[in-house]
Ligand code: CTP
Ligand code: CA
């Protein structure tokens with residue numbers, strides 16, 4: 001326990017958290033992004049810090065204040081997030097990937113503003129790297145925690161992601177349900193674990209959800225440590 005009497009179950013652990021959207025540039029005035037606000041990931045960063053961890057928060061563009069006592073790395077694109085995460089991965093004990101990484105980026109970017117023209121404009125898109133999938137491939141002893149943003153078949157799709165990306169835990173949410181997903185201050189999640197547990201939670205504040213995620217990581221680690 002620390003001076004305030006709170007438990008420190010992650011004391012001595014290095015935790016890396018990603019948060020927010022990424023922005024994929026087309027030209028100096030335009031980009032592709034998504035509705036992520038970063039609130040969930042920032043709440044997880046605060047909760048991990050509270051639990052005693054040394055926290056690195058790798059954040060896409062958000063409007064949120066930097067959590068105190070947390071090492072914050074600001075990135076813009078999926079490629080920058082990939083590089084930032086990979087550079088801290090070998091020393092990490094736990095990685096929690098709450099960022100909403102763009103799956104596609106414009107194949108071509110323009111250094112000058114593209115002027116409007118008559119008729120249609122088709123922007124060709126290419127895939128970004130799947131950061132979490134790469135972490136799963138390169139996993140040593142790290143605990144890997146993913147998120148699954150779904151609009152249907154939430155638990156099935158989340159379980160498929162857990163297996164495909166070699167995760168330990170996945171936090172699934174239906175981003176179309178009122179009270180859940182990107183925008184508000186609450187979320188409704190199901191946490192699935194590699195060792196077969198499914199925990200369904202009612203609507204809670206993102207701070208409370210963050211605490212549940214930390215609790216699940218701690219109990220998963222206890223269950224799976226010989
Ligand atoms: N993720 C990632 N890198 C990407 C895309 C996703 O690290 N390029 C991570 C997210 O941070 C999240 C998890 O993978 O932790 C699942 O993201 P999600 O968008 O739900 O799933 P995808 O695997 O991208 O599949 P799809 O969007 O088609 O459902
Ligand atoms: Ca995606």
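Values quoted throughout were computed directly from the atomic coordinates according to the rules given, and no laboratory measurement underlies them. None of these values were measured; they are calculated from a predicted model. Every residue, glycine as well, gets a Cβ built from its backbone with ideal geometry; the counts of neighbours run over all protein chains shown.
Rg then Dmax, both in Å and based on the Cα atoms of the chain: 18.0, 66.
The angle between the Cα long axis of helix 39-50 and the longest principal axis of the Cα atoms of the chain comes to about 30 degrees, rounded to the nearest 10.
Mean projected area of the convex hull spanned by the Cα atoms of the range 85-142, taken over all viewing directions: 5.8 nm².
Segment residue 8..residue 112, full-extension length gain: 32.3 nm, with 0.36 nm per residue of separation and the alpha-carbon distance subtracted.
Rounded to two decimals, the Cα radius of gyration of the range 125-178 over 2.2 N^0.38 Å is 1.21. An oblate overall shape is assigned to the range 70-168, the ratio a/c of its alpha-carbon gyration tensor axes (a ≥ b ≥ c) being 1.5 or greater and a/b not exceeding b/c. Equivalent ellipsoid of the range 97-226: semi-axes from √(5λ) of the C-alpha gyration tensor, largest first, are 34, 19, 12 Å. Just to be sure I follow: if Rg is taken over the C-alpha atoms of the range 26-65 and Rh is the Kirkwood radius over the same atoms, what is Rg/Rh? Reported Rg/Rh (Cα atoms, Kirkwood Rh): 1.13.
A simple spin-label model places pseudo-atoms 7 Å from Cα toward Cβ; at residue 219 and residue 195 they are separated by 1.1 nm. Specify the angular offset, from 0 to 90 degrees and rounded to the nearest 10, of the alpha carbon long axis of helix 206-223 from the longest principal axis of the alpha carbons in the chain. Roughly 60 degrees between the two axes. Considering every alpha-carbon pair of the range 24-113, the percent of pairs per 10 Å bin, from zero through the bin containing the longest distance, is 15, 45, 28, 10, 1.
Regarding the range 50-90, what is the average projected area of its C-alpha convex hull, in nm²? Seen from a random direction, the Cα hull of the range 50-90 projects 3.3 nm² on average.
Based on C-alpha pairs under 8 angstrom that are at least 6 apart in sequence, the range 19-178 has a relative contact order of 21 percent. Helices in the chain, meaning DSSP H runs of at least 4 residues, each add -39500 (n - 2.57). Divided by all residues, the mean residue ellipticity at 222 nm is -8000 deg cm²/dmol. What angle do you read, to the nearest 10 degrees and between 0 and 90, between the alpha-carbon axis of helix 154-164 and the longest principal axis of the chain? The helix 154-164 is inclined about 90 degrees to the chain. Quick one: in the range 156-207, what % of C-alpha pairs are over 17 Å apart? Here the long-distance tail beyond 17 Å is 37 percent of all Cα pairs in the range 156-207.
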